[in-house]
Amino acid sequence: MALTPLRPVTDTNVLLASEKSKSATSPNREYIQRWRNDEFTFLYSEDTLLEYIKKMQEKHISEDSIKKFLGALFELGVQVYIAFYHLPVYPVDPDDIAFLLCADNGEATHLLTYDRHLEALTTHSRCAVPLSSSRTSVTSCQRKVERRSMRPRSAVLPSRPP
């Protein structure tokens, strides 16, 4: 059985964990490295991009690291243009709206996050799939997508109004 290509939206906390990790075996660093190896598509929007830059600067990520990330994002990522602005349920943190809209408009397979507020929205959104603190491989995420894709779409995300 062929694996469904991954199209995740990555929450800022996963990106920051990757940048701040000192461990060579960090699952967050592995995730970013796999993306840079072109193993999956990294979705982003103008608003998520601004959030990445803002939070990386706030957390004192070096300017060189930020530039390298942005260079890779512009080369390998896929920008999602937000055309549909309605969510069935809104998150507690307004900063999370950008990630949900990007995931919905970009038809993401996952929204990778450590944010418990987003995890609570799993039943209302097609792709709010939390990244647990345990080691997570891209292949295991692809298998989860395969299992989910067998369910009717309406069971995963309410239909958009016409």
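The values are calculated or read from the model by the stated rules, or taken from the named source; none is laboratory data. These figures come from a predicted structure and were not determined experimentally. Cβ coordinates were reconstructed from backbone atoms using ideal geometry, including for glycine residues, and neighbour counts include every protein chain displayed.
For segment 77-135, give me each residue that is surrounded by fewer than 16 Cβ atoms within 10 Å (Cβ to Cβ), farther than 20 Å from residue 55 by Cβ and either modelled with pLDDT of 85 or more or within 14 Å of the chain's Cα centre (by Cα) (or both).
Within segment 77-135, 78, 81, 83, 107, 122, 132 qualify.
Among the residues in segment 66-75, are any out of contact with any strand residue (DSSP E or B) (no Cβ under 8 Å at 6 or more places or on another chain) and crowded, with 16+ Cβ neighbours inside 10 Å?
yes
Within segment 26-45, which residues are part of a loop (DSSP other than H, G, I, E, B), free of Cβ contacts under 8 Å to residues at least 60 places away in the same chain and on the phi < 0 side of the Ramachandran plot?
26, 37, 41, 42
Whether any residue in segment 44-52 is among the charged types (D, E, K, R), at pLDDT 80 or above and more than 24 Å from residue 27 (Cα to Cα) is what I want to check.
yes
Only residues in segment 72-88 that are closer than 18 Å to residue 6 by Cα count as the first member; pair them with residues that are exposed (fewer than 11 other Cβ atoms within 10 Å of the Cβ), Cβ under 9 angstrom, at least 6 apart or cross-chain, and list the lot.
Listed by first residue and then by second, the contacts come to 76/38.
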